[in-house]
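Have a look at the structure below, then the notes.
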Amino acid sequence: MRDGMQTESQIRRNKMGRGILALVAGILLTSAAWSQVSSYGEKQMGEPASDHLPSVLTKSTIVQKLNTRLPLNATFRDDAGQTVRLGDYFGKRPAILSLVYYNCPMLCSEEMDGLVGALQMVKFKPGKDFDVIVASIDPSETPELAAKKKAFYLKRYGHPETAKGWHFLTGEEPSIKALADATGFGYVRVPGPDGKLTQFAHASAIELVTPDGRLSQYYLGVEYSPKDLRLGLVEASEGKIGSPVDAIMTYCYHYDPLLNRHSLIVARVVQLGCIVTLLCLGGYMLVMFRRDVKKDKVMPVPNWKNVIG
């Protein structure tokens with residue numbers, strides 16, 4: 001009988017445990033569904049789903065202007081603080097052009113990481129076979145900041161002897177706008193976390209440029225095929241102009257901080273409620289298990305002699 005009573009108790013605990021686990025699983029799934037909120041700047045909350053881009057991003061697209069000549073007379077400052085003409089980097093070999101801004105908190109670093117990673121698998125070397133030109137779209141950024149970025153990515157590339165082939169530029173608004181217009185690179189100032197217009201909404205792309213300064217090919221996104229990059233450099237070096245690529249855009253855009261802050265607060269409240277619920281359930285299970293164990297211990301053992309007799 002005692003063994004039978006223990007079995008019933010165990011069955012009762014198992015059923016209770018399974019029921020509670022099912023409830024916990026449901027709560028966790030609900031929590032996961034409710035807590036799919038990105039950190040600030042990754043996703044806009046509070047707006048209905050739509051296939052249309054936010055209005056600010058309609059001005060932040062990339063228009064592929066193949067065979068367009070860059071403004072070679074536009075002046076910039078290089079990472080050493082010297083005034084240079086864009087045309088100083090052309091005439092001998094092709095170039096890879098990237099428009100970013102150095103204080104970008106999101107996409108620009110991904111773009112540069114993708115470019116450096118691809119170049120590590122390309123046998124051509126900057127300064128010998130081609131040049132890398134990185135130009136900031138933010139006129140407030142300085143050559144000192146450009147120099148730091150150059151040192152960082154040159155170290156990541158792993159070939160310090162190619163330093164002369166990497167050019168990190170800053171400039172004033174007219175030169176930046178002329179270069180952006182020529183490449184079809186759209187960007188819009190947007191507020192940062194402090195509410196000031198210190199950041200930019202823009203798409204991500206690199207361009208290959210012929211030795212005489214004409215746009216030969218676009219590569220969109222933040223990851224680039226080393227094979228395609230090598231072939232593109234060969235074609236650009238020969239003055240060939242490629243074909244437009246599919247416009248699959250990757251955007252860098254910080255959304256309204258108030259919307260994100262509100263959404264994050266809601267998500268945190270939901271998550272906190274789930275944690276409290278789990279703690280209560282855990283305490284309840286512990287109490288019930290201990291009570292069942294105590295009942296089993298104090299249950300009198302039947303006198304089988306009397307039962308049999």
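Condition check ((1) closer than 16 Å to L66 by Cα; (2) in contact (Cβ under 8 Å) with a residue 40 or more places away in the chain) across all residues:
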| position | (1), (2) |
| --- | --- |
| H167 | no, yes |
| A180 | yes, yes |
| V190 | no, yes |
| Q199 | no, yes |
| P211 | yes, yes |
| V222 | no, yes |
| K227 | no, no |
| L233 | yes, yes |
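Given the structure, is L264 outside any loop (DSSP other than H, G, I, E, B), at pLDDT below 50 and among the hydrophobic types (A, V, I, L, M, F, W, C)?
So L264 fits the description; yes.
Kindly check whether there is at least one residue in the stretch 57-67 that is touching a helix residue (DSSP H, G or I) at 6+ places or on another chain (Cβ under 8 Å) and among the small types (G, A, S).
no
Could you grab me the full set of residues in the stretch 128-185 that are assigned to a helix (DSSP H, G or I) and either under 19 Å from N73 (Cβ atoms) or modelled with pLDDT under 95 (or both)?
E173, P174, S175, I176, K177, A178, L179, A180, D181, A182, T183
Residue-wise test of (1) outside the structural domain of L70 (by TED's automatic domain parsing); (2) in contact with a Phe, Trp or Tyr (Cβ under 6 Å, 6 or more places away or on another chain); (3) polar (S, T, N, Q); (4) modelled with pLDDT under 65.
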| site | (1), (2), (3), (4) |
| --- | --- |
| S225 | no, no, yes, no |
| V234 | no, no, no, no |
| P244 | no, no, no, no |
| R268 | yes, no, no, yes |
| Q271 | yes, no, yes, yes |
| K297 | yes, no, no, yes |
| P300 | yes, no, no, yes |
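Test V122 against the stated conditions and say whether it is farther than 19 Å from A201 by Cα, touching a helix residue (DSSP H, G or I) at 6+ places or on another chain (Cβ under 8 Å) and in a loop (DSSP other than H, G, I, E, B). Walk me through it before giving the result.
Numbers: farther than 19 Å from A201 by Cα: yes; touching a helix residue (DSSP H, G or I) at 6+ places or on another chain (Cβ under 8 Å): yes; in a loop (DSSP other than H, G, I, E, B): yes.
Yes, satisfied.
Looking at the structure I just gave you, is V84 at pLDDT below 95 and not in a loop (DSSP other than H, G, I, E, B)? If you could, list the steps in order and put the result at the bottom.
On the way: at pLDDT below 95: no; not in a loop (DSSP other than H, G, I, E, B): yes.
It is false that V84 is at pLDDT below 95 and not in a loop (DSSP other than H, G, I, E, B).
Can you tell me which of T170, T162, T142 is surrounded by fewer than 21 Cβ atoms within 10 Å (Cβ to Cβ), over 24 Å from P226 (Cα atoms) and in the same structural domain as L66 (by TED's automatic domain parsing)?
On inspection, the qualifying residue turns out to be T142.
I'd like to know if the stretch 98-111 contains one or more residues that are closer than 14 Å to L229 by Cβ and not in a loop (DSSP other than H, G, I, E, B).
Yes, because at least one residue in the stretch 98-111 is closer than 14 Å to L229 by Cβ and not in a loop (DSSP other than H, G, I, E, B).
The values are calculated or read from the model by the stated rules, or taken from the named source; none is laboratory data. In this text the structure is predicted, and so the values were computed from the model without any measurement. All Cβ positions, glycine included, derive from the backbone under ideal geometry; neighbour counts span all protein chains shown.
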